[in-house]
Amino acid sequence: MIVACDGMRVELAHLRKGSVTALIGARVLAGDPIGAVGNSGNSTEPHLHIHAVDAGSGKAVQLSFDGRVPSRNAQFAR
């Protein structure tokens with residue numbers, strides 16, 4: 001699934017088959033459910049890949065959540 005946001009594209013991969021609820025062209029807001037995490041592909045447990053790119057250039061864009069930048073396999077304190 002790809003979500004367009006302020007000139008960026010946020011790609012969400014490995015959503016559970018048949019779980020996506022957002023329709024093409026629909027407006028979604030922060031907090032709206034859009035699908036369920038799954039384990040499509042060769043994996044042993046559910047997970048989500050998130051990748052953001054500039055819609056014009058296709059170059060990767062750094063993501064942050066509440067001002068924090070995640071690193072691979074790291075977890076934020078709850």
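The residue of region 1-43 that is least open to solvent (accessible area, probe 1.4 Å), among those that are within 20 Å of residue 53 (Cβ to Cβ), outside any strand (DSSP E or B) and without any contact (Cβ under 8 Å) to a residue 12 or more places away in the chain, is 25.
Being touching a residue at least 40 places away in the same chain (Cβ under 8 Å) and among the aromatic types (Phe, Trp, Tyr) is the filter here, so list the residues in region 44-70 that pass it. Listed by number, the list is empty, since nothing qualifies.
Scanning region 44-63 for residues that are open to solvent by less than 70 Å² (accessible area, probe 1.4 Å) and closer than 15 Å to residue 6 by Cα yields a count of 7.
The values are calculated or read from the model by the stated rules, or taken from the named source; none is laboratory data. Because the structure is a prediction, the values reported are computed rather than measured. Glycine gets a Cβ as well: all are built from the backbone with ideal geometry, and neighbour counts include every protein chain shown. The protein model used for the area step is the full one, side chains on, heavy atoms only, and it has no ligands, DNA or RNA in it. Shrake-Rupley method; radii C 1.70, N 1.55, O 1.52, S 1.80 Å.
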